[in-house]
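The values are calculated or read from the model by the stated rules, or taken from the named source; none is laboratory data. This one's a predicted model, so the numbers in the text were calculated from it and none came from an experiment. Backbone-built Cβ (ideal geometry, glycine too); neighbour counts: all protein chains shown. Note: accessible area is taken over every heavy atom of the protein model, side chains too, but ligands, DNA and RNA are not part of it. Shrake-Rupley method; radii C 1.70, N 1.55, O 1.52, S 1.80 Å.
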Amino acid sequence: MGGGIAQLFSAKSIRVRMKDINWDAITKGYHHAHKIFKKAVDRKKMKASDLMNAMARIEGTTRYEGFKHLDLVVEAVVEDLEIKKKVFTELDAATDPKAILATNTSSLSVSKIASAVKDPSRVVGMHFFNPVDKMPLVEVIRGTATSDEAASTVFQLSKKVGKTPILVKDSPGFVVNRILGPYMNEAVQIALEGVPVSRIDRVMERFGMPMGPIELIDEVGLDVGAKVSKVLYGAFGERMKPPPGLEVLISEGRLGKKAGKGIYLYEAGGKKKSEDPTLAKKLGIKENGAGLTDEVIEKRLIYTMINEAARIVEEELVRDVADVDIGMIFGTGFAPFRGGLLRYADSVGADSIVTDLELFARNFGPRFQPAPFLQGLSVSGKKFYS
Ligand SMILES: NC(=O)c1ccc[n+]([C@@H]2O[C@H](COP(=O)([O-])OP(=O)(O)OC[C@H]3O[C@@H](n4cnc5c(N)ncnc54)[C@H](O)[C@@H]3O)[C@@H](O)[C@H]2O)c1
């Protein structure tokens, strides 16, 4: 992510200093940025001479020299609260007290990270999506102490570098990952009930998703997903409980596309994927189980997301319901022609969704219990977009 963020800023003529704990990691970041610029040159979207200049705008360091002169730092170290707090303590000492300190955390509390800094008002979330050069969304997260200045600067900067920001409150998983987490869990749960993973993916692709949820898990990385899952489970309890099985794959190094194997197996640099015939035995999957129809698979997956989004709206984590839809379309590629998750919910009607969720809660488990806000819409006949 660090390399991707550096590439993005440099592409917009902003000079960047990339810091890591060793030169191997910095080299990895350089390679990542170079690969993106090189592709632009190959596609004749960039001149080769501009590539040299763009790379020259990115400097590498293993120490904090020059940090006193920076206006903004975007932290993108490993997703571990203690490590992030340690890095922010170092940043507190290394930067100008007026500099803005942003974190690219995808699930940790911005307020807790900010507690490592004397003046937490300068700490704000700036959550990019992977791959940074392609995904248009940035979640700008206000911690409890974040100043208006820090939030609005990062909001404006996100626009300046060509992204679409949404302002969200500090809550586990923020908006997009909190909705995606239970969706990906449900996809694995359906697979454990005996539905082939390629069929699950096909159903969601037909709905209009750029890729199915199982492929998405492999794309994100099983290890990265497990960390976010743990945070969500800790915060929201049983309805976010990760399904069994993924830990087995992680322990075998099946971390997803980046490792050449995850839930699917990959060949030729990740371009070709196939189903693993041994997966069923490994995860204790019933053969030809469930007998679920495509319609039920689709509803279980989409309604899980709508249910979580209803809670997010009720908790007022976003300023406007449209921000949930912007987040899902620009952060995940959610079927744009559906108008977004909540526009789609309105087109189906809360009444019908609640009826199905109650049925699913009886048949598949209490995680489907309709959110009070959604029940309220169902009773009043109102819509998310009123
Ligand atoms: N991978 C994704 O899809 C994704 C998407 C959005 C946000 N994020 C977030 O971005 C952050 C980084 O994720 P990633 O996937 O790039 O992880 P990564 O493990 O690939 O990279 C983390 C980097 O941090 C470095 N690092 C560790 N300790 C450090 C320290 N004390 N000082 C400086 N550098 C240190 C590591 O050497 C490594 O290069 C995480 O907070 C993650 O949640 C990741």
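Does any residue of the stretch 143-150 turn out to be surrounded by 24 or more Cβ atoms within 10 Å (Cβ to Cβ) and not in a loop (DSSP other than H, G, I, E, B)? Yes: one or more hits. Count of the stretch 319-345 residues, restricted to those that are open to solvent by less than 20 Å² (accessible area, probe 1.4 Å) and either hydrophobic (A, V, I, L, M, F, W, C) or over 20 Å from the mean Cα position of the chain (by Cα) (or both), is 7. Where helices (runs of 4 or more DSSP H) sit wholly within the stretch 1-73, those with at least 2 residues that are under 22 Å from GLU219 (Cβ atoms) and under 23 Å from the mean Cα position of the chain (by Cα) occupy 2-11, 23-42.
In the condition set (1) polar (S, T, N, Q); (2) without any contact (Cβ under 8 Å) to a residue 40 or more places away in the chain; (3) outside any helix (DSSP H, G or I); (4) surrounded by fewer than 18 Cβ atoms within 10 Å (Cβ to Cβ), THR89 is compliant with all but (3). Take the residues in the stretch 171-227 that are open to solvent by 20 Å² or more (accessible area, probe 1.4 Å) and β-branched (Val, Ile, Thr); name whichever of them is nearest to PRO244 (Cα to Cα). My answer is VAL224.
Considering every residue within the stretch 94-107, establish whether at least one is open to solvent by less than 30 Å² (accessible area, probe 1.4 Å), farther than 24 Å from VAL154 by Cα and more than 20 Å from the chain's Cα centre (by Cα). Looking through the stretch 94-107, none of the residues is open to solvent by less than 30 Å² (accessible area, probe 1.4 Å), farther than 24 Å from VAL154 by Cα and more than 20 Å from the chain's Cα centre (by Cα).
Of everything listed in (1) farther than 30 Å from GLY181 by Cβ; (2) without any contact (Cβ under 8 Å) to a residue 40 or more places away in the chain; (3) more than 13 Å from the ligand (Cβ to nearest atom); (4) open to solvent by 60 Å² or more (accessible area, probe 1.4 Å), the single unmet condition for LYS35 is (1).
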